[in-house]
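Participant: Submitted below is the structure of interest, expressed as structure tokens.
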Amino acid sequence: MTNIKNERRSRRIGMASMANPCLRAMWFKFRWARITDLPVRVKRIFDLGHACEEILIASLRSAGVEITREQEEVPGWGGHIWGFIDGVASGVPEAPDTDHLWEGKSMNDRIFKTVKKNGVKKAKIDHYVQMQMYMGKKDLTRALYTAINKNDSEI
């Protein structure tokens, strides 16, 4: 299964990459110093992640949360930085009248447990920065971050 998301690789910096503290790595990325095709194994990992997003969407919808604007483009800063939101969630029980940026992630057991214990900001700063940038570009004030453990399907 080849997902369209794997085909849209570009020579722009992804918003999640903005959390990288290494300015040299960012410079190289911006200057396209290393553009390579993804290995087939990595493409399969991405495909599995996209399938997990669908599971997360179904779970949210069964709880009364609606997800819209899936994979909406988020261009930024003259097109040099780019991203795609997973969606916008409405009807979130904690704030049902407020639209939320929705990001759905899949992760292995070790990372999942670290995120669960320490929170997104500490455990996955790249996800946190990505969400902050998306919220700023989409004029959203809240985010709903959901993750699924690929080892045991815990959400």
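Participant: Over segment 51-139, what percent of the accessible surface lies on carbon and sulfur atoms, probe 1.4 Å?
Facilitator: Taking all protein chains in place, segment 51-139 shows 51 percent carbon and sulfur surface.
Participant: Return P(r) of the chain (all Cα-Cα pairs; 5 Å bins starting at 0; whole %; ordered from short to long distances).
Facilitator: Reading upward from the zero bin: 2, 8, 16, 20, 23, 18, 9, 3, 1, 0.
Participant: OK, next. So what is the 222 nm mean residue ellipticity for the chain from helices alone, if each DSSP H run of at least 4 adds -39500 (n - 2.57) and you divide by all residues, rounding to the nearest 500 deg cm²/dmol?
Facilitator: Taking each H run of at least 4 residues, the total per residue is -12000 deg cm²/dmol.
Participant: In Å, what Rg and Dmax follow from the Cα atoms of segment 74-120?
Facilitator: So, for segment 74-120, Rg and Dmax equal 14.5, 38 Å respectively.
Participant: Calculate the spin-label point distance for Asn118 paired with Met26, positioning each point 7 Å from the Cα along the beta-carbon direction, and give it in nanometres.
Facilitator: 2.1 nm
Participant: Using amide H atoms built in the peptide plane, which far-off residues or other-chain residues are under 5 Å from Phe84 H to H?
Facilitator: Val74
Participant: How much length is gained if the chain between Thr141 and His80 is pulled fully straight, taking 0.36 nm per residue apart and subtracting their Cα-Cα distance, in nm to one decimal?
Facilitator: Details: separation 61, 0.36 × 61 = 21.96 nm, distance 2.38 nm.
The span from Thr141 to His80 would gain 19.6 nm if fully extended.
The values are calculated or read from the model by the stated rules, or taken from the named source; none is laboratory data. This one's a predicted model, so the numbers in the text were calculated from it and none came from an experiment. Please note: Cβ atoms are built from the backbone with ideal geometry, for glycine as well, and neighbour counts cover all protein chains shown. Remember, those area values only see protein heavy atoms, side chains included, never the ligands or the DNA or RNA. Shrake-Rupley method; radii C 1.70, N 1.55, O 1.52, S 1.80 Å.
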